[in-house]
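Note sheet for the following structure.
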Amino acid sequence: MGRVLIVEDNELNLKLFHDLLTIQEHEVVISRNGVNIIDLVKDTKPDLILMDIHLNGISGIDLIQTLKANQETKHIPIITVTAFAMKVDQAKISKSGCDMYLSKPVSIDKFFKAVEKFIPSVTKKSKL
Ligand code: MN
């Protein structure tokens, strides 16, 4: 179990990610706009960040660069999630320093595997 910060402005995606993470007994923190991202991350200390790229009025890429440029937040893994998998975007995303990239629509299996890569599921193993 871990704590995951979801930065996402689409309510349906937000609910889906929230529900999937909650099923896996992760704690979820939500930001719909990425405002004051450094303070939010410092305060909530997530183990993983799920970052939407196209937010209302701000680019997720800028947020990733801000987080990766800060000594106190750079170690936190970031998975970007976006529907706009255009070549330009992909290049920008990989340069931004994010740790993994998922394109929408994200299959549940892919989603769980991505999260588990950064937050190994202790509960799952103990049930085996
Ligand atoms: Mn969006």
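Would you calculate, for the chain, the mean residue ellipticity at 222 nm contributed by helices, counting each DSSP H stretch of 4 or more residues as -39,500 (n - 2.57) and dividing by all residues, to the nearest 500?
After summing the helix terms and dividing by the residues of the chain, the value is -13000 deg cm²/dmol.
For segment 3-118, with every protein chain kept in place, what is the accessible area per residue (1.4 Å probe, Å²)?
53
Leaving ligands and nucleic acids out of the surface, order 43, 52, 19 by accessible area at 1.4 Å, largest first.
43, 19, 52
Rounded to the nearest 0.05, what FRET efficiency do residue 45 and residue 91 have when you use their Cβ-Cβ distance and R0 = 35 Å? Write out the running numbers ahead of the final one.
Numbers: r = 31 Å, r/R0 = 0.88.
Once rounded, the FRET efficiency stands at 0.70.
Are any of the pairs 15/104; 42/117; 42/92; 68/95; 74/95; 68/104 more than 19 Å apart by Cα-Cα distance, and if so, which?
Exceeds cut-off: 42/117; 42/92; 68/104.
For the chain, what's the radius of gyration and Dmax over Cα atoms, in angstrom?
Every Cα atom of the chain included, Rg and Dmax give 13.8, 45 Å.
From the phi of every residue in segment 51-61, what ³J(HN,Hα) in whole Hz does the Karplus formula 6.51 cos²θ - 1.76 cosθ + 1.60 yield, where θ is phi - 60° and glycine or proline is x?
With coefficients 6.51, -1.76 and 1.60, one gets 10, 6, 8, 9, 9, 6, x, 8, 8, x, 5 Hz.
Looking only at the chain, where both bridge partners belong to it, what percent of the DSSP beta bridges are antiparallel (to the nearest 5)?
Expressed as a percentage, antiparallel bridges in the chain total about 5.
From the phi of every residue in segment 94-99, what ³J(HN,Hα) in whole Hz does the Karplus formula 6.51 cos²θ - 1.76 cosθ + 1.60 yield, where θ is phi - 60° and glycine or proline is x?
With the stated coefficients, segment 94-99 comes to 5, 6, 5, x, 5, 8 Hz.
Considering only 64, 76, 23, give the residue with the highest GNM mean-square fluctuation for the chain, with springs between Cα atoms whenever their separation is below 10 Å.
The residue with the greatest mean-square fluctuation here is 23.
Relative to the Cα centre, what is the charge dipole magnitude of the chain, using +1 at the beta carbon of each Lys and Arg, -1 at the beta carbon of each Asp and Glu, and rounding to the nearest 20 debye?
Charge dipole of the chain: 440 debye, to the nearest 20.
Which whole-Hz couplings ³J(HN,Hα) result when phi for each residue of segment 4-16 is put into the Karplus expression 6.51 cos²θ - 1.76 cosθ + 1.60, θ = phi - 60°, listed in order with x for Gly and Pro?
Once rounded to whole Hz, the list reads 10, 9, 9, 10, 7, 9, 9, 4, 5, 5, 4, 5, 4.
With contacts defined as alpha carbon pairs under 8 Å and 6 or more residues apart, what's the relative contact order of segment 3-118 in percent?
24
Under the rule of at least 5 residues apart or a separate chain, name every residue whose amide H is placed under 5 Å from the amide H of residue 54.
Residues meeting the amide H criterion: 60.
Find which of 22, 118, 46 sits farthest along the positive direction of the dipole of segment 3-118, computed with +1 on the beta-carbon of Lys and Arg, -1 on that of Asp and Glu, about the Cα centre.
It is 118, whose Cα lies furthest towards the positive end.
Looking only at 116, 27, 11, which one moves most when the chain is put into a Gaussian network model with springs between Cα atoms under 10 Å?
11
So, with a 1.4 angstrom probe, what is the percent of accessible area on the chain that is carbon and sulfur?
56
The values are calculated or read from the model by the stated rules, or taken from the named source; none is laboratory data. What you see is a predicted model; the values in this text were computed from it and never measured. Positions of Cβ are backbone-derived with ideal geometry, glycine not excepted, and every protein chain shown enters the neighbour counts. Each accessible area value is taken on the protein alone, full model and side chains, heavy atoms only, with ligands, DNA and RNA left out. Shrake-Rupley method; radii C 1.70, N 1.55, O 1.52, S 1.80 Å.
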